[in-house]
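These notes are about the structure you will find just below.
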Amino acid sequence: VNRGEQDRVHLHDPVISGEGILVGKVVSVEERTATIRLLSDGQSRVAGMVAGGEQSEGLIEGRHGIGLRMSLIPQNEDMFVGDMVVTSGLEERMPRGLLIGKVASIEKEPFQPFQQAQLDPIISFDSLTFVQILLSP
């Protein structure tokens, strides 16, 4: 993007769509430019949780453009198809409550400590034309 250090952009700043949905975060910053990694990228990682709750926290990972996966959710946590997932606020520079996606399916395996969920993003990453970088005060 055409904003960088001179505009107070920092590494790990969240990037949102015009609708306020998290679409990625800043992964490198130069004086006048910054590089953004979309959530759909296979190297993307964001701490998330089910909206409206204090539980069901996990790690949201990109799946190379084919959706998002939330892993490391404790097996004893209740999570349901259709639940909305937001940022948990456990990461530096990432505020709590930014909308990410909706639970599409849940994978529980007996005797495993964690469950996983497949998420449907709220927005199509292919149709992004305008994004905003959330700057920290």
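The values are calculated or read from the model by the stated rules, or taken from the named source; none is laboratory data. In this text, all values refer to a predicted model and were calculated from it rather than measured experimentally. Cβ atoms come from the backbone with ideal geometry, glycine included; neighbour counts cover every protein chain shown. To get the accessible areas, we keep the full protein, side chains included, count just its heavy atoms, and leave off ligands, DNA and RNA. Shrake-Rupley method; radii C 1.70, N 1.55, O 1.52, S 1.80 Å.
Would you call residue 79 at pLDDT 90 or above and either open to solvent by less than 20 Å² (accessible area, probe 1.4 Å) or not charged (D, E, K, R) (or both)?
Judged against the criteria, residue 79 is not a match.
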Going through segment 99-137 in order, the residues found to be of a type in the set (Val, Ile, Thr) and under 19 Å from residue 58 (Cβ atoms) are 100, 103, 106, 122
Practice prompt. Could you check, for segment 88-96, whether at least one of its residues is open to solvent by less than 70 Å² (accessible area, probe 1.4 Å) and basic (Lys, Arg)?
Written response: yes
The condition of being modelled with pLDDT under 95, exposed (fewer than 15 other Cβ atoms within 10 Å of the Cβ) and under 13 Å from residue 46 (Cβ atoms) holds, among 72, 135, only for 72
Expected output for segment 60-71 (first residue without any contact (Cβ under 8 Å) to a residue 24 or more places away in the chain, partner among the hydrophobic types (A, V, I, L, M, F, W, C) and outside any loop (DSSP other than H, G, I, E, B), Cβ below 9 Å, 6+ apart or cross-chain) is 61/46; 61/68; 61/70
Residue count, segment 104-137, condition hydroxyl-bearing (Ser, Thr, Tyr) and touching a strand residue (DSSP E or B) at 6+ places or on another chain (Cβ under 9 Å), comes to 1
Evaluate the following for residue 28: is it outside any strand (DSSP E or B) and open to solvent by less than 70 Å² (accessible area, probe 1.4 Å)?
no
Within segment 97-122, residues on the phi > 0 side of the Ramachandran plot and open to solvent by 50 Å² or more (accessible area, probe 1.4 Å) come out as 111
* To do: Test residue 56 against the criterion of being over 30 Å from residue 8 (Cα atoms) and not basic (Lys, Arg), and give yes or no.
  => yes
If we ask which residues in segment 31-56 are buried (at least 16 other Cβ atoms within 10 Å of the Cβ), of a type in the set (Gly, Ala, Ser) and touching a Leu at 6+ places or on another chain (Cβ under 8 Å), their number turns out to be 4
Log entry, pairs with first residue in segment 106-118 being within 23 Å of residue 82 (Cβ to Cβ), second being in a loop (DSSP other than H, G, I, E, B) and open to solvent by 60 Å² or more (accessible area, probe 1.4 Å), beta carbons closer than 8 Å, six or more apart or on different chains, reads 106/80; 106/81; 115/108; 115/109
